[in-house]
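The values are calculated or read from the model by the stated rules, or taken from the named source; none is laboratory data. It should be emphasised that the depicted structure is a prediction, and the values quoted were computed from it without experimental measurement. Positions of Cβ are backbone-derived with ideal geometry, glycine not excepted, and every protein chain shown enters the neighbour counts. For the accessible areas, the whole protein counts, side chains as well, though only heavy atoms, and no ligand, DNA or RNA atoms are used. Shrake-Rupley method; radii C 1.70, N 1.55, O 1.52, S 1.80 Å.
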Amino acid sequence: MTSVRPDGLLHVVRPGALTTVQDTGRPGWAHLGVGRAGALDAPAARLANRLVGNAPGAALLETTVTGCAVRPDRPVVAVVGGAGCRVSVDGRPVAWGAPVRVPAGAVLDVGPAVDGVRGYLAFAGGLVPEPVLGSRSTDLLSGLGPAPLSEGDTLPLGEPADGPPQGPVPWPGAPAELVLPLHPGPRHTWFTPAALRTLTTAAYRVSPHSNRIGLRTEGPALERARDGELPSEGMVLGAVQVPPDGRPVVFLNDHPTTGGYPVVGVVAETALAGAAQAVPGTRVRFVVRA
């Protein structure tokens, strides 16, 4: 990915609880200890980009729970999708989930999430901060990419592509129940048969301590069949690691590339978009896949 000449600036008026720049991430660097990062709800990010005429992997903003507010210094077409929320331009309500035109100097305000956790703000032309290892994504664990947004920050805007924006389209809502297909292994033998039954039958719920590194769960602890330490080994997206407290953690995009706790199974990447939008307290059900 090469540098793109900026076509304007986006000024941060209100950064929200955690707002980061994301694209499709930087896969292929785990052997050097660099994680993938990228938008947690990849389908929502792709759809937001499509609606403003961007390529699917264009960089955009990912908000967390409380939204954010930004002000472009040139007119721009934007769309707010992902977690449902109220959206306004200079205090005037505008459409959520569909392209809106934001005049130069106007404030686009994305309110707190009312359905889901993470919102996506795409701008025609995309965001074009300097790429790192082929991606503009913020990686909270390694510190690569742009820092999480702070009040007063500016981000460069790319030049919009030709053609009108698209929309509207239906958006999926936050899951009432998070069903995660689980492929057992590689360390499921470190747990008792009773623990494996518990994993697939117990009522786990999303912990409020979840973040971009991992979805933490609340529920019964999984009993180990063997004691001792496991040498650190490679970790993949969707790995279900079990720390000493026995509660499963599903690794998400900012997960570490290695770890020393046993992995009881791996969740398919295609099922992880729901994890990005599951609010604390959402029921989690692990379903074993052979």
Practice prompt. Please give the per residue accessible area of the chain, computed with a probe of 1.4 Å over protein heavy atoms only, in Å².
Written response: 44 Å²
Fill in: Among 149, 59, 279 the positive-end extreme of the charge dipole of the chain (Cβ point charges)
279
Discussion item. Quick check: net charge around residue 133, other residues with Cβ under 14 Å of its Cβ, Lys/Arg +1 and Asp/Glu -1?
Written reply: 0
Practice prompt. Take every Cα pair under 8 Å in the chain that's 6+ residues apart, average their separations, divide by the length, and report that relative contact order as a whole percent.
Written response: 22 percent
Worksheet entry | Stokes-Einstein translational diffusion, the stretch 66-169 - Kirkwood Rh over all Cα pairs, 0.890 mPa s, 25 °C, in µm²/s | 167 µm²/s
Worksheet item: How would you order 101-113, 39-51 from highest to lowest mean count of nearby Cβ atoms within 10 Å?
Response: 39-51, 101-113
Worksheet, complete the sentence: GNM of the chain, Cα pairs under 10 angstrom: of 171, 29, 96, the biggest fluctuation goes to 29
Item to complete: Would you calculate, for the chain, the mean residue ellipticity at 222 nm contributed by helices, counting each DSSP H stretch of 4 or more residues as -39,500 (n - 2.57) and dividing by all residues, to the nearest 500?
Response: -2000 deg cm²/dmol
Discussion item. Leaving out ligands, DNA and RNA, and with a 1.4 Å probe, what % of the accessible surface on the chain is carbon or sulfur?
Written reply: 56 percent
Worksheet item: Using unit Cβ charges (K, R positive; D, E negative) and no other charged atoms, how large, in debye to the nearest 20, is the dipole of the chain about its Cα centre?
Response: 560 debye
Discussion item. What whole-number distance in Å separates the alpha-carbon centres of the stretch 162-226 and the stretch 18-79?
Written reply: 23 Å
Response to the item:
Given 54-64, 135-145, 277-287, the highest-first ranking by average Cβ count within 10 Å works out to 54-64, 135-145, 277-287
Discussion item. Would you work out the Kirkwood radius for the chain? I mean one over the mean of 1/r across all pairs of different Cα atoms, in Å.
Written reply: 19.6 Å
